[in-house]
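The values are calculated or read from the model by the stated rules, or taken from the named source; none is laboratory data. Just so we're clear, the structure is a prediction, and the values are computed from it rather than from any experiment. Cβ sites come from the backbone with ideal geometry, for glycine too, and all protein chains shown count toward neighbours.
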Amino acid sequence: MIWMVNVSGSPTLPPIGCRDPAGTLVTCSWQVRLLEALVPDAKDPKSAKNGYTIPVILILLVIFLNNRYTSLMNPDPVRCALSERFGWIALDFVNTVVITRSGPVDAFRTVDLLVSWMDLADPPGWPDLKPKGLTARRILHAEAVRLRVAIDALLCAAAARERMTASIGDTLGRPLRWVRTQNRIVGDSPSALTLECERERLHPAGALGPIAEDAVRLVASVSATRLRRCRADDCLRWFADTSKGGRRSWCSMATCGNRAKAARFRARHEGAVDAT
């Protein structure tokens, strides 16, 4: 943690870039006080002593670097989880535990984080199925964590071509009973007819129904040889390989793939140095 001290001997100032209990980065008026402490006449633009361009730049640079460090060490779990989308809402849902530089982050760690993830991910029917009230959202949170474990187990069984256990089927089937779905035909021209899906919530966790349904469709429509977990040792993400050759190994080339390539390059370089 970085602390700034007034060179004239004034008390130590509060830390730069702290976060409140909600996780929001907070900056305080101490920055103004710090400027005034370093440049006593900074308030007076007509003062002959106000040559504070360099101190201001240095202060802003320190603030920026410390806030950047705080952001890296305390990443937003929701944005980390949704930094990559995997083509299926069930995969986005199960990939909500992400390994970062500061360790694993869970987008479902709290009720508020779960609701934020649902707002940004926007699973089918979420605006109509979104629960109201804290009690209902706590029920949604508990059931979401349980469903995520079941979907992960389902993908493991599918990838290994094993039978699904009864407990997995029960956990997947429960959310399907918590939402009523009706399809309505929209349009009057045969070539322009569309089906509009209307959903009614029958349970506080009814919003999980479309996600569970998507998980069932995923394992039923994607070959077991194409359902894979990322090969990186520090990654837990699943993906459906849609590449032509079917040889994809990483959840994302921008993250895990590039880190693996960099590690191989360093290993070759170190081996060449040792050989010489």
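The set of residues in region 212-238 that are in contact with an Asp or Glu (Cβ under 9 Å, 6 or more places away or on another chain) and of a type in the set (A, V, I, L, M, F, W, C) comprises VAL222, LEU227, LEU236, TRP238.
Each residue in region 131-141 was checked for being of a type outside the set (D, E, K, R) and without any contact (Cβ under 8 Å) to a residue 24 or more places away in the chain, and 2 of them qualify. Hey, does region 255-269 have a residue that's in the same structural domain as PRO123 (by TED's automatic domain parsing), touching a residue at least 60 places away in the same chain (Cβ under 8 Å) and in contact with a Ser or Thr (Cβ under 9 Å, 6 or more places away or on another chain)? Scanning region 255-269 turns up at least one residue that is in the same structural domain as PRO123 (by TED's automatic domain parsing), touching a residue at least 60 places away in the same chain (Cβ under 8 Å) and in contact with a Ser or Thr (Cβ under 9 Å, 6 or more places away or on another chain). Scanning region 108-167 for residues that are hydroxyl-bearing (Ser, Thr, Tyr) and either assigned to a loop (DSSP other than H, G, I, E, B) or surrounded by 14 or more Cβ atoms within 10 Å (Cβ to Cβ) (or both) yields THR110, SER116, THR165.
Taking only region 91-133 into account, find how many residues are among the β-branched types (Val, Ile, Thr) and touching a strand residue (DSSP E or B) at 6+ places or on another chain (Cβ under 9 Å). Of the residues in region 91-133, 6 are among the β-branched types (Val, Ile, Thr) and touching a strand residue (DSSP E or B) at 6+ places or on another chain (Cβ under 9 Å).
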